[in-house]
1. Quick check on this structure: which one of G334, G342 is more than 19 Å from K268 (Cα to Cα), touching a strand residue (DSSP E or B) at 6+ places or on another chain (Cβ under 8 Å) and open to solvent by less than 40 Å² (accessible area, probe 1.4 Å)?
2. Tell me the residue from Y96, Y91 that is open to solvent by 40 Å² or more (accessible area, probe 1.4 Å) and outside any loop (DSSP other than H, G, I, E, B), please.
3. Could you tell me how many of the residues in the range 1-39 are closer than 20 Å to G117 by Cα and not in a helix (DSSP H, G or I)?
4. Against the definition (of a type outside the set (A, V, I, L, M, F, W, C), within 27 Å of the chain's Cα centre (by Cα), closer than 30 Å to A401 by Cβ and in a helix (DSSP H, G or I)), how does R443 come out, yes or no?
5. Quick one: in the range 133-157, of everything that is hydrophobic (A, V, I, L, M, F, W, C) and out of contact with any helix residue (DSSP H, G or I) (no Cβ under 7 Å at 6 or more places or on another chain), which residue is least open to solvent (accessible area, probe 1.4 Å)?
6. Is there any pair with a first residue in the range 25-48 that is open to solvent by 40 Å² or more (accessible area, probe 1.4 Å) and a second that is part of a helix (DSSP H, G or I) whose Cβ atoms are under 6 Å apart and which are 6 or more apart or on different chains, and what are they?
7. Name every residue in the range 40-75 that is over 18 Å from L29 (Cβ atoms) and assigned to a loop (DSSP other than H, G, I, E, B), in order of residue number.
8. Within the range 410-443, track down each residue that is open to solvent by less than 50 Å² (accessible area, probe 1.4 Å) and touching a residue at least 12 places away in the same chain (Cβ under 8 Å).
Amino acid sequence: MTAQEVRLCGLLLQEHFGEVVERIGTHLLIAGTQNLRTIANETNTPLDLVKKSLCVLVQHGACEFGSGRRGPGSPVEYRASCERVLRVLRYPRYIYTAKTLYGDTGELIVEEVLQRGHMTMSNTVKTVADRLTHNMEEGRSMEYSEVVSAFSKLVETHFLQRCPPVAEMGTAATSATPATPGTPATPASTAPPTAESNPDCYKLPHVTLTGRGKRRRSSDDSEEQRGGKKVKVDSESCGDEGIYWQVNFERFHQHFRDQAIVSAVASKLDQTSSEIVRTMLRMSEVTTTQTAAYTQPLSANEIFRSLPPNYSISRPILDQYLSLLVDDPMEFVGKSGDSGGGMYVVNLQRALANLARATLESVVQERFGSRSARIFRLLLRKRHLEQKQVEDFAMIPAKEAKDMLYTLLSENLVQLQEIPKTPDHAPSRTFYLYTVNQLPTARLLLQHCYKTVANLIERRLFETKENKRLLEKSQRIEAILASLQASGAEPEQLTEVEEMITAPERQQLEALRHHINKLDSTENQVDETVFLLESYIFSTKTK
């Protein structure tokens, strides 16, 4: 874990959970596994606040807990997960993907589960139905059955999965819980469960839910206390008490990876080729594991039958496209047999390596120009070259090539390897070869991306803090306008309230919103690069 990762994790925890949780989480990331008392002493935080912070982290899967290293009877120890905290950065992308695939209902289901860490199916369905009903016209409401249907589809496609019970986590958390009051009793997840390790991971419980969503009213505020008891009774009567669901991040990442591969094929070849690859990925999306190097082999007959109806291509044309994909230098598609008209697979590891390579080349071109990118691509292809060979192959004058090579070398994007002819390493009798190691370079660029995202978050928080008074004034006026419109106020009253913000303030507010939206979109764009590099680095570990 690097300093940039810890810094980014701290900013994400502070923004989403507050300063106390950020302090505890950052301390655990730096110090490693510790028990409750040690955390409280080293962070100078009251024990009660430490317990609450750990509950929040465990609830969202950002903290694991288990029996102490001294053996049975020792205090429960906690360990923060940097990887899980960094996934908070990708929450908007998860929610947007759910909206694209399953509409507004799927979007709200994923949003609720992400916000609360894990939820029961009945509570999720009721909350989402109430939210959808609140946004509908008066007199209309959302049926529970429609939300249950969307929830079932998310589970069937493995975007949602059950949290494993605490007793099955492989830890002694259950036996150690009474000795440590701060240990949460809820079935929080420590490691992402798999279908192989938990047979019921994607099994829907039999839930008896009938009714419609309820519209929220301002008069309901006085009934909040008994509302909590009411929710508890409802969940017990639905038949799914104790069965909690969480977002399956690996399945979302698999979907993002497939989308990146399809987009790369579309830009390299054409739309029909990308649709063939999309069909192959869709057919094997549930059966292909996260660590698989290839998808499951598919016959040409199966691919032909599974193509979308609007792609009315003949079987001979499909065979030509498959041959074209197999012969392409990118090697996204490979042939694994001849039965059934030919067996084809998508080479996932090779595809990720090519996507990472294209990302590295793009970064070099944007930072150092097209000529430096030409040298970088040349070294990636030829592996080892002397300076004179770089000048000749790249067709760049000697002085410029030397400057570019030294600039790339100083940025650690290019490495220099010495091969001596004699044991004394005399410069006159030594070959100096320039090379590019793709994996270390990808790790270096990933750290730069973490730093960039942290800077963007800090800048956004600074802009918001500097204009806090103006933002609060705008929110107050918007609330007043909403209440007046709901009560049927006259247009003159609405205009008078709107004029409470002066023209310069309105202009400043528009500029601020534009700036913050730009920072948000930049964060999402950098996160796409982060995802590609993380996926490539992870694929190299599973070879």
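The values are calculated or read from the model by the stated rules, or taken from the named source; none is laboratory data. Worth saying up front: this structure is predicted, and the values here are computed from it rather than measured. With ideal geometry, Cβ positions are generated from the backbone for all residues, glycine too; neighbour counts draw on all protein chains shown. Remember, those area values only see protein heavy atoms, side chains included, never the ligands or the DNA or RNA. Shrake-Rupley method; radii C 1.70, N 1.55, O 1.52, S 1.80 Å.
1. Residue meeting the stated conditions: G342.
2. Details: Y91 fails: open to solvent by 40 Å² or more (accessible area, probe 1.4 Å).
Matching residue, one of Y96, Y91: Y96.
3. So the count comes out to 1.
4. yes
5. Out of the qualifying residues, it is V155.
6. Qualifying pairs under 6 Å: L47/A40.
7. Residues satisfying the conditions are P46, S67, G68, R69, R70, G71, P72, G73, S74, P75.
8. The answer is L413, V414, Q415, T430, L433, Y434, T435, V436, Q438, L439, T441, A442.
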